[in-house]
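Data first, discussion second: the structure below is written as structure tokens.
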């Protein structure tokens, strides 16, 4: 049985998509962002990355409305409505 070399397998497509996603995430590292939280709070920070299952967001220089400043912070994605980069 011959396999058509012109058609990529599902595994190859998934690997290519994963690589593009990781490159995109890497290119965002260090970018300033505005994060809107579930409790209608907006915070600002410098995007650093996420964990492997995208359930946590890593940031630097987190600033909250109360003036709290955190050099490094970990935010749960369940608490985030959206992120503007």
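No value in this document is a laboratory result; all are computed from the given coordinates. Because the structure is a prediction, the values reported are computed rather than measured. So basically every Cβ, Gly included, is an ideal-geometry build from the backbone, and we count neighbours across all protein chains shown.
Numerical summary
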{"item": "Subset tally (residues that are free of Cβ contacts under 8 Å to residues at least 24 places away in the same chain, touching a strand residue (DSSP E or B) at 6+ places or on another chain (Cβ under 7 Å) and part of a loop (DSSP other than H, G, I, E, B)) for the range 7-43", "result": "2"}
{"item": "Residues within the range 54-68 that are in a strand (DSSP E or B) and without any contact (Cβ under 8 Å) to a residue 24 or more places away in the chain, tallied", "result": "6"}
{"item": "Flag for residue 60 being within 12 Å of the chain's Cα centre (by Cα) and farther than 20 Å from residue 18 by Cβ", "result": "no"}
{"item": "Selection count, the range 26-52, where residues are over 12 Å from residue 76 (Cβ atoms) and under 15 Å from the mean Cα position of the chain (by Cα)", "result": "17"}
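So that you can scan it fast, the table gives a plain yes or no per residue for (1) surrounded by fewer than 10 Cβ atoms within 10 Å (Cβ to Cβ); (2) over 28 Å from residue 18 (Cβ atoms):
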| site | (1), (2) |
| --- | --- |
| 32 | no, no |
| 38 | no, yes |
| 53 | yes, no |
| 68 | no, yes |
| 73 | no, no |
